[in-house]
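The values are calculated or read from the model by the stated rules, or taken from the named source; none is laboratory data. This structure is a prediction, so every number in the text was calculated from the model and none was measured. FYI the Cβ positions are ideal-geometry reconstructions off the backbone, even for glycines, and counts take in every protein chain you see.
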Amino acid sequence: MSDTRPIGVFDSGMGGLTVLRSLRAHLPHENLVYLGDTARLPYGTKSPETVTAYALQATQLLMAYDVKMVVIACNTASSVALVPLARDLAPLPVVGVVEPGARAGIAATTSGRIGVLATESTVAGGAYPRAIAALSPDTDVQQQACALFVALAEEGWGDSSIAEATAARYLAPLFDNEATAPDTLVLGCTHFPVLAPAITKVLDARGARATLVDSAETTAQAVVELLEMQKLKNTDDRTGTERFLATDAPERFARVGELFFGRSITADQVELVDLRPSI
């Protein structure tokens, strides 16, 4: 039996469209619903309690679209809300981006030293060090909070002199000591791949070498495996559809979202929704 129900994906803004992009590449026949909570981004500077509440509201809205799976395309929400969401939505599968990113980082490192660039909340929560330690206890993990990266990505300034200057400040603590510098950098926020050109230029200027790991690809692979295992695949031959939802500024979502999704999004494709609880 073919399961034509959509896969629900949510993020605080447009960064999760990098995950949607990978899902579409791996699953051309699946229908996808993407929710960007653009009215309340960024999640990375908010408390775990607030992020969990927002994540619960996002998934409740996605459930109204009869989704067969929820993908948390936000590292901050994955780090603090995955467990309560999985519990509350069971038996509906819920996939986060932290564990796939940790696996990819471990696979990429040859020195056993991994750097994690993430939001303040993700760093404070320690989700990546825990996930990496569970899979590879001897791996050394250094974290760096990069609070300004989300704003730069959302403004479309990922490959700019401002982004390079910001990246230089953030990368310095990780690479000032060559003996302890990581050989792998996990981009621990789905917004951060847009900053990859600036990060690479800073590393090149320092004469440093590090593999950049984007969890979007490994998250998509985890979704493929779970669909197969739980017999949830859409086996129709028709090309899958995408539906875009935003909590604010659909025109801006469409304009900036193209940078993350890699394909044109028009404003009339973006539906404005409200996640606030009704009074």
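Pick from Ala246, Ala220: which is under 15 Å from Pro28 (Cα atoms), among the aliphatic types (A, V, I, L, M) and in contact with a Leu (Cβ under 7 Å, 6 or more places away or on another chain)? Spell out how you get there, then give the answer.
Numbers: Ala246 fails: under 15 Å from Pro28 (Cα atoms).
On inspection, the qualifying residue turns out to be Ala220.
Checked against (1) more than 17 Å from Arg21 (Cα to Cα); (2) at pLDDT 95 or above; (3) part of a loop (DSSP other than H, G, I, E, B), Ile265 passes all but a single condition, namely (1). Filter the range 231-279 down to the residues that are surrounded by fewer than 16 Cβ atoms within 10 Å (Cβ to Cβ), in contact with a strand residue (DSSP E or B) (Cβ under 9 Å, 6 or more places away or on another chain) and among the polar types (S, T, N, Q) and list them by number. Residues satisfying the conditions are Thr241, Gln269.
From the residues in the range 31-84 that are hydroxyl-bearing (Ser, Thr, Tyr) and more than 14 Å from the chain's Cα centre (by Cα), which one is nearest to Gly16 (Cα to Cα)? Going through the qualifying residues, I end up with Thr38.
One line per residue, one yes/no per condition, for (1) over 19 Å from the mean Cα position of the chain (by Cα); (2) closer than 18 Å to Val71 by Cα; (3) outside the structural domain of Ala127 (by TED's automatic domain parsing); (4) not hydroxyl-bearing (Ser, Thr, Tyr):
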| position | (1), (2), (3), (4) |
| --- | --- |
| Thr166 | yes, no, no, no |
| His191 | no, yes, no, yes |
| Asp204 | yes, no, no, yes |
| Asp248 | yes, no, yes, yes |
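Find the strands (runs of 3 or more DSSP E) located wholly in the range 48-167 whose residues include 1 or more that are in contact (Cβ under 8 Å) with a residue 12 or more places away in the chain and surrounded by fewer than 18 Cβ atoms within 10 Å (Cβ to Cβ), and list them. So that I can check it myself, show each step before the final result.
Working: elements: 69-72, 113-118, 140-145.
Hits in the range 48-167: 140-145.
Among the residues of the range 227-248, just one is over 17 Å from Leu23 (Cβ atoms) and modelled with pLDDT under 95, namely Asp237. Would you check which residues across the range 176-201 are more than 23 Å from Glu258 (Cβ to Cβ) and surrounded by 21 or more Cβ atoms within 10 Å (Cβ to Cβ) and list them? The answer is Pro182, Thr184, Leu185, Val186, Gly188. The condition of being within 18 Å of Ile72 (Cβ to Cβ) and not in a loop (DSSP other than H, G, I, E, B) holds for Leu245. The residues of the range 78-119 that are among the polar types (S, T, N, Q) and out of contact with any Ser or Thr (no Cβ under 7 Å at 6 or more places or on another chain), listed by number, are Ser78, Thr110, Ser111.
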